[in-house]
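I am attaching a structure below and will ask some questions about it afterwards.
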Amino acid sequence: MEVLIFDDFERGLAVFLKRFKSSGLLAELRRREAYESPSSKRKRKRLVVMRRLKRLEAKRQRNEETWRGRRPITSTASLEVKEVRQENGE
């Protein structure tokens, strides 16, 4: 990772630290600091998936609450196609 410092060392250091933290290298270094057994790796990965699913479910619930009582907008073209298919027996 390269950070160019022209004038202020403190500012360059702050930019470096910000990029370093956002890149995920610090988390990976901490994770690799000690041996992790295969079972704990599976458990960690499963927890990550569970957190993601929980976040998505909460987001879906918020969206449902927002749209409750409102009819979703449907295009009239799709309604016409359904009517034609019903008339043709499809």
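The values are calculated or read from the model by the stated rules, or taken from the named source; none is laboratory data. These figures come from a predicted structure and were not determined experimentally. As a convention, Cβ positions derive from the backbone with ideal geometry for all residues, glycine included, and neighbour counts pool all protein chains shown.
If you scan the stretch 50-85, which residues turn out to be surrounded by fewer than 10 Cβ atoms within 10 Å (Cβ to Cβ) and either modelled with pLDDT of 65 or more or in contact with a strand residue (DSSP E or B) (Cβ under 8 Å, 6 or more places away or on another chain) (or both)?
GLU64, GLU65, THR66, ARG68
Which of (1) surrounded by 10 or more Cβ atoms within 10 Å (Cβ to Cβ); (2) modelled with pLDDT of 85 or more; (3) not in a helix (DSSP H, G or I) is the odd one out, the single condition GLU33 does not satisfy?
(1)
Consider only pairs whose beta carbons are under 9 Å apart and that are at least six residues apart or on different chains; among these, list those whose first residue lies in the stretch 19-34 and is among the aromatic types (Phe, Trp, Tyr) and whose second residue is in a helix (DSSP H, G or I).
Correct list of pairs: PHE20/LEU26.
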